[in-house]
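Worksheet for the structure shown next.
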Amino acid sequence: MAKKPNTGKCVHCLKDGVELTSDHMFPKAWYPDATPENLEKWQFPSCLECNQRYSKIEGDLLNRVVLALNTKHPASAGLVDAALRAMDPKAGRDEKDAAARAARAKKILKDTFKGEEIPKDAMLPGLGERWGRSEGEQMAVQIPRSHLTDMTEKIVRGLVYREDGSFIETPYKIDTYIVDDEGAKVCKEMLDKAGKNFKREPGLEIRRAAVEGDDHAGLYEITFWQQFKTYATVQKSEAPAQA
């Protein structure tokens, strides 16, 4: 007899009574070669639609971000090679897979800038030039901020479910931020003072600090591959103004 599908509430969209799949909080393909074999890869319940949506975001984001990572850093070891293979038609399993890889490479190349074309004011903190190349030799790839926002929110929702057994839902909301160390100064001070660490080393580190007087609110700092960070807050939405 076939096993009855597991149903329940999706951590992402919060729909209840839906058929659930298991979603990895930190995507399986994002774990570097230096990841211990016995490391538990955290998972949480997700509906199929949300799982598939995030899978597409994760694949595209990884192919872009790893091109700006330090290939010699153990926290990102193996990821660049894997991303390059994913865009190499010669590595295709068959004709269809080769075509998909070629299309992926074409899409990334279209969003690549060189030298003076690179918009310096749009550089993501931690993902700037790290190879000492002259301006004319530098290359940059566009990384959609919406993808980083989506991944930050996913990790926050997953951690809250794993640690607290709860969902982030009304009246609470998640706000995400991509800022440099100066912009995150106040947040970092609070995390240094009261933050708790959660790690899936060496790829992922999360610091969370609860807000005094509200067990559901908190500050989050997420470090990817020990090379760049995103931030988030969970707090109550402001009540709409009365007419």
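Annotations for the structure displayed:
- Any chance Glu19 is under 30 Å from Arg133 (Cα atoms) and not hydroxyl-bearing (Ser, Thr, Tyr): no
- Restricting attention to segment 191-213 and to residues that are open to solvent by 70 Å² or more (accessible area, probe 1.4 Å) and among the acidic types (Asp, Glu), the residue that is nearest to Ile155 (Cα to Cα) turns out to be Glu201.
- Of all the residues in segment 124-152, those that are in a loop (DSSP other than H, G, I, E, B) and either surrounded by 15 or more Cβ atoms within 10 Å (Cβ to Cβ) or touching a Phe, Trp or Tyr at 6+ places or on another chain (Cβ under 8 Å) (or both) number 8.
- Residues of segment 153-171 classified as within 30 Å of Met123 (Cα to Cα), touching a strand residue (DSSP E or B) at 6+ places or on another chain (Cβ under 7 Å) and open to solvent by 10 Å² or more (accessible area, probe 1.4 Å), total: 1
- Counting the residues of segment 224-239 that are in a loop (DSSP other than H, G, I, E, B), surrounded by fewer than 16 Cβ atoms within 10 Å (Cβ to Cβ) and not acidic (Asp, Glu) gives 2.
- Condition met for Leu159 (assigned to a loop (DSSP other than H, G, I, E, B) and either among the β-branched types (Val, Ile, Thr) or under 30 Å from Arg207 (Cα atoms) (or both)): no
- For segment 81-129, residues that are farther than 21 Å from Asp60 by Cα and touching a helix residue (DSSP H, G or I) at 6+ places or on another chain (Cβ under 8 Å) total 2.
- First in segment 84-104 and over 19 Å from Trp30 (Cβ atoms) and surrounded by 14 or more Cβ atoms within 10 Å (Cβ to Cβ), second anywhere and at pLDDT 95 or above and aromatic (Phe, Trp, Tyr), Cβ under 7 Å, 6 or more apart: none
The values are calculated or read from the model by the stated rules, or taken from the named source; none is laboratory data. Small disclaimer: the values here were computed from a predicted structure and weren't measured. All Cβ positions, even for glycine, are placed from backbone atoms using ideal geometry, and neighbour counts span all protein chains on display. The accessibility values were calculated without ligands, DNA or RNA, using every heavy atom of the protein model including side chains. Shrake-Rupley method; radii C 1.70, N 1.55, O 1.52, S 1.80 Å.
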